[in-house]
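Step one of this worksheet: look at the structure below.
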Amino acid sequence: MKNIILIGMSGTGKTTVGKNLSSKLGMEFLDTDIFIEQMEKNKIEDIFSLYGEAYFRRLESCAIDKLYEKENIIISTGGGMILSDKFIKLKEKGIAILLESSIDNIVNNIKNSTTVRPLLNNQENLYERINTLYNNRKKTYKFLADFTIFVDNKSIDLIVYEI
Ligand code: S3P
């Protein structure tokens, strides 16, 4: 079985969907942010604040090199991992599924989440911030996605079923 690679903006449910999909299909689950935290022995927010975004992006590329070896897993990617030139390499062994959502839904999910997201930690102007990030990435998400699932107003079970 090919890997299943979940892509999309923060707050679209990649991790929750990935974990559910993993128990349904009996496949291993891996979250790239957690993988990077284990690799670096440091938290994502500390990596950003100590070394900056460019350094974090290099870690994402490095993680791709390591994940390339893996088979039969579900990978939930950080929202910006698709920006890496190496992302295409991950796709050689997997199917990329884009979780797409309205900006309002993302804002709502992020406001209700306890995950620290360094690029979105300012709750003011959250809508504009997400909208700008999404517009900058939209073409890349669409180009890389083999399938797109719209997640607004859907239960996790339904999203998992559609995948
Ligand atoms: C990021 C998304 C985050 C995390 C980092 C950067 C982004 O992951 O990788 O904060 O650039 O969109 P999630 O998509 O899991 O929130």
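Report yes if some residue within the range 38-47 is within 12 Å of the ligand (Cβ to nearest atom) and farther than 16 Å from Pro118 by Cβ; otherwise report no. No - not one qualifying residue is present in the range 38-47. The residues on offer are Lys2, Lys19, and the sole one that is among the basic types (Lys, Arg), in contact with a Phe, Trp or Tyr (Cβ under 6 Å, 6 or more places away or on another chain) and either in contact (Cβ under 8 Å) with a residue 12 or more places away in the chain or within 13 Å of the ligand (Cβ to nearest atom) (or both) is Lys19. For the range 50-80, a residue qualifies if it is within 12 Å of the ligand (Cβ to nearest atom) and within 15 Å of Ile4 (Cα to Cα), and the qualifying residues are Ile75, Ser76, Thr77, Gly78.
Here's the yes/no breakdown for (1) at negative phi; (2) among the hydrophobic types (A, V, I, L, M, F, W, C):
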{"residue": "Ile7", "(1), (2)": "yes, yes"}
{"residue": "Phe29", "(1), (2)": "yes, yes"}
{"residue": "Phe35", "(1), (2)": "yes, yes"}
{"residue": "Glu40", "(1), (2)": "yes, no"}
{"residue": "Gly52", "(1), (2)": "no, no"}
{"residue": "Ala63", "(1), (2)": "yes, yes"}
{"residue": "Leu67", "(1), (2)": "yes, yes"}
{"residue": "Ile97", "(1), (2)": "yes, yes"}
{"residue": "Ile103", "(1), (2)": "yes, yes"}
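For Tyr51, the stated conditions hold: it is within 18 Å of Leu119 (Cα to Cα) and without any contact (Cβ under 8 Å) to a residue 40 or more places away in the chain.
Only the coordinates and a few stated rules stand behind these numbers; no lab work does. These numbers come from a predicted model, not from an experiment. Neighbour counts run over all protein chains shown; Cβ positions are idealised from the backbone, glycine included.
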